[in-house]
1. Just how far, in whole angstrom, is segment 17-74 from segment 205-223 if you go by their alpha carbon centroids?
2. Write down the accessible area per residue of segment 79-133 in Å², having rolled a 1.4 Å probe over the full set of protein chains.
3. Could you tell me the accessible area of residue 85 in Å² (1.4 Å probe, neighbours in place), rounded to the nearest ten?
4. Averaging sequence separations of C-alpha pairs under 8 Å and six or more residues apart, then dividing by the length of the chain, give the relative contact order as a whole percent.
5. Kirkwood-based Rg over Rh for segment 1-111 (C-alpha set), two decimals?
6. By how many degrees, 0 to 90 and rounded to 10, does the Cα axis of helix 154-166 deviate from the longest principal axis of the chain?
7. Can you list residues from other chains, or at least 5 along the same chain, whose modelled amide H is less than 5 Å from the amide H of residue 232?
8. Can you give me the orientation-averaged projected area of the convex hull built on the Cα atoms of segment 100-151, in nm²?
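The values are calculated or read from the model by the stated rules, or taken from the named source; none is laboratory data. From a predicted model like this one, the values you see are computed outputs, not experimental measurements. Glycine also receives a Cβ, built like all others from the backbone with ideal geometry; neighbour counts cover every protein chain displayed. With ligands, DNA and RNA removed, areas are computed over all heavy atoms of the protein, side chains included. Shrake-Rupley method; radii C 1.70, N 1.55, O 1.52, S 1.80 Å.
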Amino acid sequence: MGILIEARDLRVGYEVGEKVLWAVDRVSFSIEEGEIFGVLGESGCGKTTLALSFLKLLPAETKLEGKLLFESRNVLELQEEDLRRLRGKEIGIIFQEPITSLNPIMRIKEHFLDTIRAHFDILEDEALNIASSTFNAIGIPSSILNFYPFELSHEQAQRVLIALALALKPKLLIIDEPTNALDIVDQAGFLKLIVSLRKSFKLTIVLMTRDLGVVAQTTDRVMVMYAGEVIEIAPTRELFGAPLHPYFKALLFSAPNLDLEDFELRSLEGFPSDPLNPPKGCRFHPRCFEAMDICGMKEPKVYKVSKSRLVKCWKYHG
Ligand code: SF4
């Protein structure tokens, strides 16, 4: 398996008055073909801006630095015509709140016809056949093609959007907060579906989420973000089995763990740093329970602590 996506010192920023708010700041990572890769972090950490960067779905005045390579092409440098081919056909994306991604006055089948025929020169019947077979593959009845969006449950809407994305046979599927709009009873089935898609559609999947359970149950590797930066990248099992970065440890302690008898729930004190004026040194230091003197003075580098793990923290220096 080769590398499908690679970010090198990627920066994505928005102008705010005379300053630039770097929502994604000097981020480097790579994702292999066939991986399910989680991007984990609290609201405002840069996940959604990163998701939009994969398709360059950003306002024209956005500040972009570094590289974001998809199959060796730098997405940040692609022109409109190449981007049109990339969006949907090579990289699919499913946004939060699925219902709002559908046009309320169009039946589901019209969404499919528009989407498929925008990319393939085929007849209506052929397009509808693709829609029906995709519905079949992800376990929803074809009768839903005649529904309007308001007739769908959140779970059905989420599956319809997945089918809409898969009908174009993308190589990469990005799902932003996959379980946000779902009832707890629908979540397990939906996560199972995501895992099964990798094999049945030969997909690489990126899940953007703040939900520890989602990444633990579905992903192969996880990248943890804080205040626009990558602070840890690790195989999922290693991350949860032996967390290294104090921020991720704090996240683990702020979620209930029924497997540990003497587990004590602890909240993470303080607030994420002001993105326009990030603190000097390590951005997490005002909230870190393991902070040392150097942490507030000098920014740590990203240290390679094993073949598969990277951590941005002074504790792992040297
Ligand atoms: Fe905490 Fe220092 Fe590590 Fe930052 S660099 S996470 S403040 S120990």
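1. 17
2. For segment 79-133, the per-residue accessible area is 59 Å².
3. 120
4. So the answer I get is 20 percent.
5. 0.99
6. Roughly 80 degrees, rounded to the nearest 10.
7. Placed amide hydrogens put 224, 312 under 5 Å from residue 232.
8. 3.7
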